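Written below as C-alpha cells is the structure these notes are about.
Bear in mind these aren't lab numbers, they're just calculated from the coordinates by the rules spelled out. Since this is a predicted model, take the numbers as computed values, not measurements. Virtual Cβ from ideal backbone geometry, glycine too; neighbours counted across all protein chains shown.
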Amino acid sequence: MDFKEQIDYSRLPKHIAVIMDGNGRWAKGQGKVRVFGHEQGVLSVKDIVEGCVEVGIEYLTLYAFSTENWNRPKEEVDALMQILISTINRETETLNKNKVKLNAIGNISSLPKECIDDLKEAMDKTAHNEKCTLTLALSYSAKWEIVEAARKIAEAVKDNTISMDDIDEDLFSSKLTTVNIPDPELMIRTSGEHRISNYLLWQMAYTEFYFTEVLWPDFRREDLFEAIVDYQKRERRFGKISEQLN
C-alpha cells in the first residue's frame, strides 16, 4: 500500500517527535552485538529525515540519547558517542543539500568534548537552512528540562527580573530547551513499547501517539508516511466535543 498517496498535504503535522527504539533487539535477532543495531539505526535516521523533507514536515525531533542511557555499559556508551560523532561529520553536507537545520536539546555539556565541538560546528554550518529543523535530544530528560526551567524562573523571581504574577504557561515554555520549536502534534515510538520514557513531557500534553511494532533499524519513510496517514484520521479536540469542531 502506498501511504504517501494517501497523505492530505493540507493537514500535515508541523512537528513529529520520534522515540527510536529497538536497535538492541534488532541486532540480537541478527545474531549481532547491540552496537551493530545502533549503526544500522543511523540508516533509518537518514531515510526518515529525507522522508520528512519529501512530504514537507517542518520539524523532526529524535530521542537519540537519554540521561538514563549513561547507565548502560561503558563500551556501548562510548560506541554510541563515536557513532554520533561520525554521523554528524559525514551527514552535514547532506543536511545542507536537503536544506535541513540541525539543532540539539538536552544537557549537552555532559557529552564528550569532541562530540560537543562537532555538534556545534554542524549546527553552525546548517543554521541557514529553513526547509526542516532536525532536533537531536541528547543527554535529555524531560524531568531534568522541567527542573531547569523552574530553576531559571526561581532565579529570575529572586533577582526581581520577573514577579510571581508573571509566571504562566507561556513563560514556563520559554524557559524550556524547545523554546523555538512548536509542540509536536505526532509522536512515533517504534518496537512495540507503549510508553514515552521521560521524553518531552511538557510539550506532548496534546500530542497524538503512534506506536508501531517495527524495530527502529527496519523503520523507513513508508512507515513514517503510514504514521502520518493514521494521524490524519484522528480528530484532535483539545477538550472540545466533535460538534464544536465542525
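Side notes on the structure shown:
- Shape index of the chain: Rg/Rh, with Rg the Cα radius of gyration and Rh the Kirkwood radius from the inverse mean 1/r over Cα pairs, equals 0.98.
- Of Leu84, Leu186, Leu201, the one that fluctuates the most in a GNM where the chain has Cα springs shorter than 10 Å: Leu201
- The distance separating the Cα centre of the range 145-172 from that of the range 99-124 comes to 26 Å.
- Only Lys, Arg (+1) and Asp, Glu (-1) charged, at Cβ; the chain dipole about Cα centre in debye: 360
- Choice from Pro73, Pro13, Pro217 showing the highest fluctuation, given a GNM over the chain with Cα pairs closer than 10 Å: Pro73
- The chain - percent relative contact order, Cα under 8 Å, separation 6 or more: 30
- Among Asn180, Asn23, Asn107, the largest mean-square fluctuation in a Gaussian network model of the chain, built with springs joining Cα atoms closer than 10 Å, belongs to Asn180.
- Computed on the range 82-199, with alpha-carbon pairs under 8 angstrom and 6+ residues apart, the relative contact order is 26 percent.
- Mean separation of Cα contacts under 8 Å (6+ apart) over length of the range 11-137, as relative contact order %: 31
- J(HN,Hα) series, the range 91-102, from Karplus relation 6.51 cos²θ - 1.76 cosθ + 1.60, nearest Hz, glycine and proline x: 9, 4, 4, 5, 4, 5, 4, 8, 6, 9, 8, 8
- Amide H contacts of Ala64 (H built 1.01 Å from N, under 5 Å, at least 5 apart or other chain): Ala137
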